[in-house]
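Let me begin by presenting the structure, written as structure tokens, before commenting on it.
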Ligand code: HBI
Ligand code: FE
């Protein structure tokens, strides 16, 4: 019974998954049972959307800000089939309901087929400020807008295809770091400065300003091998962020076959989330190199 497979959760967590997986099919998807949402659920979504969208200017990537209105409803939980009407037209993607985190292979399979799994339950009001497991707000507000961007949407599908290969090569953990440091916590350089494009940053009230403006974390140019060696934290702000110049650059990085790289990486030690590596020296993009931060350092 496929439900017997415990869904993967980021990192080593013994917490049982929160969603009701009995509702899901063999591919782990389940219909969005819209009637199940309470007025409180819609109110939670409205308040999360209002707070988060007010934080975006100057911190979120312009591609994200431009695409956000495509989500539609702001004062209640959007209907997936309404979002899909627009999303299919834009990039051929669609969102499907899932009870929560799902195992790697079903997850990669959905992405490879241009289907993004969106958790169908929403956090309680008590969890307004922080929730460890992704809920509908994280998935819908954080992940779905950039699926309207053609280049980023192609990257996510390529990631899914790569994930199925990685699973066969026993390289899921390495590849999941690329997901974590791009799709979840990626930063992009714009002419005006750094901006966030990762869903984990964009759906977080606290981490959005921290990731873009704090001098505390290190920020490094995205390089596949450095990133796939770097472990990540699942329940605190990131200590390292990786920066890209464009979604085209990110997509182009997935051109080569990752097989030989995985072989090289297996022979190299992993790096802690806050590690400094000798090779970083000439690439470190620490606070000084971003004029925006100098003022903070001089304070
Ligand atoms: N499942 N629903 C869902 N959403 C994710 O983002 C997700 C997942 N399962 C596995 C997973 N992410 C990570 O292991 C990726 O790095 C593959
Ligand atoms: Fe996510």
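Residues in the stretch 234-253 that are surrounded by fewer than 16 Cβ atoms within 10 Å (Cβ to Cβ), out of contact with any helix residue (DSSP H, G or I) (no Cβ under 8 Å at 6 or more places or on another chain) and not in a loop (DSSP other than H, G, I, E, B): 249, 252. Every test in (1) at pLDDT below 95; (2) assigned to a loop (DSSP other than H, G, I, E, B); (3) closer than 30 Å to residue 51 by Cα is passed by residue 292 save one, and that test is (2). Going by the conditions given, is residue 179 over 26 Å from residue 250 (Cα atoms) and within 15 Å of ligand 2 (Cβ to nearest atom)? Against the criterion (over 26 Å from residue 250 (Cα atoms) and within 15 Å of ligand 2 (Cβ to nearest atom)), residue 179 does not qualify. Selection of the stretch 44-57 for residues being touching a residue at least 12 places away in the same chain (Cβ under 8 Å) and either assigned to a helix (DSSP H, G or I) or in contact with a strand residue (DSSP E or B) (Cβ under 8 Å, 6 or more places away or on another chain) (or both) yields 44, 45, 46, 47, 48, 49, 50, 51, 52, 53, 55. Residues considered: 167, 133. Of these, the only one that is at pLDDT below 95 and buried (at least 16 other Cβ atoms within 10 Å of the Cβ) is 133.
The values are calculated or read from the model by the stated rules, or taken from the named source; none is laboratory data. Just so it is clear, the structure is predicted and the values come from calculations on it, not from any experiment. So basically every Cβ, Gly included, is an ideal-geometry build from the backbone, and we count neighbours across all protein chains shown.
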